[in-house]
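A short write-up of the structure that comes next.
The values are calculated or read from the model by the stated rules, or taken from the named source; none is laboratory data. None of these values were measured; they are calculated from a predicted model. Cβ coordinates were reconstructed from backbone atoms using ideal geometry, including for glycine residues, and neighbour counts include every protein chain displayed.
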Amino acid sequence: MLLEALYSAEDVFLIDIDDGQHPDTSAIERFDKLPNVYVQRNANIGWGGAGTLRKTINGALFLLGAARNWDYYIVLSGQDLPLQNQNAIKEHLARNAPSQMNYIRTNLVEPVALESLPIDNPSSTCHLWGDRGHTRVYAKPGTINPQVAMGARWLVDVAEIGEKGEVYVGTCDPLLLRRRQTFFQRYPFYMGANWFNLHRSVIQHLRDDPFAYELYDVLRTTFIPDESFFQTYIMHSPFKDRVDRNYGRLILRPGKIPRVKVFDMHDLPAIEQSDDLFGRKFDVNHDQHIVRAVLDRVA
């Protein structure tokens, strides 16, 4: 449905599938046959690890070589839908394309002292920290919880266990901690949402920039690095003054715990009043009526 809402022969699409759970992809087979649609499959993806970041970087670099007729790299997930029609989205992006504007949420994160954080797993064995269906996250003995503070995300060392869908989180050792502290003293740490619209010029610059690969090496074993790599990179690049933090996503977090709400029909007024380009999350198993209402609006 997302592809149907956005597809245009003028644009280029990369569908990157998390193949770890062997999903049914028959619904997109007809798109796979189109010359401007590319499909990649990757089973080595686990929540909290660097899998999503690798996909996002590799996808950007792939599209540079695949097509020259795009201006913006727009990152979406399968639970996103457009809230505006194609013309409105393109007009919005084209308005500041000559100045190479980037739409990405970036927030400077204050450092947190490791010794100030409580141990989340004081036992001598790994324990299951969270089961997200496609990923099981385990806390190693003596580790902190990297979600107690934004700055705690680079105080842990994250290991991914391939296609098993397992991620292990442990407190980083003193040598790794020293390296990160030294690096982030020089290049302060930024975070934000991993949904953004980046101008092609950023991807071109990143491809040939040694700092991008050094940053990836520093961040790839931190917690959820896909929410910090592009933010930190851009804010230490020639593009730092070409950032619009209004990244064009309507995301509702109504509870005390700031989890993303899955849209339902009660949220239709907020959607109709929004100027955002895209919304998340939508799920036909949760409320198919809101999905249909949004698709009808942008048809």
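General remarks:
- Condition met for E91 (part of a helix (DSSP H, G or I), over 19 Å from the mean Cα position of the chain (by Cα) and modelled with pLDDT of 95 or more): yes
- Cβ-Cβ under 6 Å pairs, at least 6 apart or on other chains, region 81-105 side touching a residue at least 24 places away in the same chain (Cβ under 8 Å), far side among the polar types (S, T, N, Q) and crowded, with 20+ Cβ neighbours inside 10 Å: Y103/N197
- Residue identified as within 30 Å of E160 (Cβ to Cβ) and part of a loop (DSSP other than H, G, I, E, B) among T221, T232: T221
- Total residues in region 225-263, condition surrounded by 12 or more Cβ atoms within 10 Å (Cβ to Cβ) and without any contact (Cβ under 8 Å) to a residue 24 or more places away in the chain: 4
- In region 8-33, of all residues being out of contact with any strand residue (DSSP E or B) (no Cβ under 7 Å at 6 or more places or on another chain) and in contact (Cβ under 8 Å) with a residue 24 or more places away in the chain, the one that is surrounded by the fewest Cβ atoms within 10 Å (Cβ to Cβ) corresponds to A9.
- Taken over region 94-143, the criterion of being surrounded by 13 or more Cβ atoms within 10 Å (Cβ to Cβ), of a type in the set (S, T, N, Q) and either in contact with a helix residue (DSSP H, G or I) (Cβ under 8 Å, 6 or more places away or on another chain) or in a loop (DSSP other than H, G, I, E, B) (or both) is satisfied by Q100, N102, T106, N107, N121, T135, T143.
- Any hit, region 53-72, residues being assigned to a loop (DSSP other than H, G, I, E, B) and touching a Phe, Trp or Tyr at 6+ places or on another chain (Cβ under 8 Å): no
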